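The values are calculated or read from the model by the stated rules, or taken from the named source; none is laboratory data. Here the structure is a predicted model, which is why all the values come from computation and not from measurement. Neighbour counts run over all protein chains shown; Cβ positions are idealised from the backbone, glycine included. Areas reflect the complete protein model, heavy atoms only, side chains present, ligands, DNA and RNA absent. Shrake-Rupley method; radii C 1.70, N 1.55, O 1.52, S 1.80 Å.
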Amino acid sequence: MNIINKLISCLEEEGILPVSKATWNSFMLNHCFPENEQDKKEQYSYIKQQVGNKSGVYIYVRDGEYLYIGKAKPLAKRIRDHYIESYKPIPDDCPEKNSRWDRFFQKYNGEVEIYWREFESEEERQLVEVILTKLIQPIFLKFR
């Protein structure tokens, strides 16, 4: 058995693979421009309700395609940041603000499913994020 198969087997034993509602927490989030400030606050509150103050790994999925895999401490803030990136204006005259994340989340806006698992240890978050990214190959890896 090669190392990749051993890693997959280990992740399956730990319930990390497959990524599914049976093994991960999940919720739907509409990444789109909020109609007003109240709508924006409700989205922020909704994200916080879903993940609380937990730290861990999260995966964006749309139409069965893995878009992005990340880690965060705390999850709510990082997912909120991606939500903001999906609609905030990107200035043409300021290249440093035209980040790959902003462009990616604007291109892949709309309804997404976010899977997440709690990992308190930074080492665990890093390891799981890197291994899942290598195994799953989310769309973000090829996005330029």
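Details
- Set side by side, the residues 132, 127 differ, and just one is surrounded by fewer than 18 Cβ atoms within 10 Å (Cβ to Cβ), aliphatic (A, V, I, L, M), within 30 Å of residue 10 (Cβ to Cβ) and at pLDDT 85 or above, which is 127.
- Taking (1) open to solvent by 70 Å² or more (accessible area, probe 1.4 Å); (2) charged (D, E, K, R); (3) in contact with an Asp or Glu (Cβ under 9 Å, 6 or more places away or on another chain) in turn, residue 77 satisfies each apart from (3).
- Every condition in (1) open to solvent by 20 Å² or more (accessible area, probe 1.4 Å); (2) outside any loop (DSSP other than H, G, I, E, B); (3) in contact with a Pro (Cβ under 9 Å, 6 or more places away or on another chain) is met by residue 53 except one, and the failing one is (2).
- Residue match in the stretch 22-36 (condition: open to solvent by less than 40 Å² (accessible area, probe 1.4 Å), touching a residue at least 40 places away in the same chain (Cβ under 8 Å) and assigned to a helix (DSSP H, G or I)): no
- You will find that of 83, 87, the residue that is surrounded by 14 or more Cβ atoms within 10 Å (Cβ to Cβ), assigned to a helix (DSSP H, G or I) and without any contact (Cβ under 8 Å) to a residue 60 or more places away in the chain is 83 and no other.
- All told, residue 118 meets the bar of being in contact with a strand residue (DSSP E or B) (Cβ under 7 Å, 6 or more places away or on another chain), open to solvent by 70 Å² or more (accessible area, probe 1.4 Å), of a type in the set (Asp, Glu) and touching a residue at least 24 places away in the same chain (Cβ under 8 Å).
- Answer residue from the stretch 1-17, given it is touching a residue at least 24 places away in the same chain (Cβ under 8 Å) and part of a loop (DSSP other than H, G, I, E, B) and is farthest from residue 57 (Cα to Cα) among those: 17
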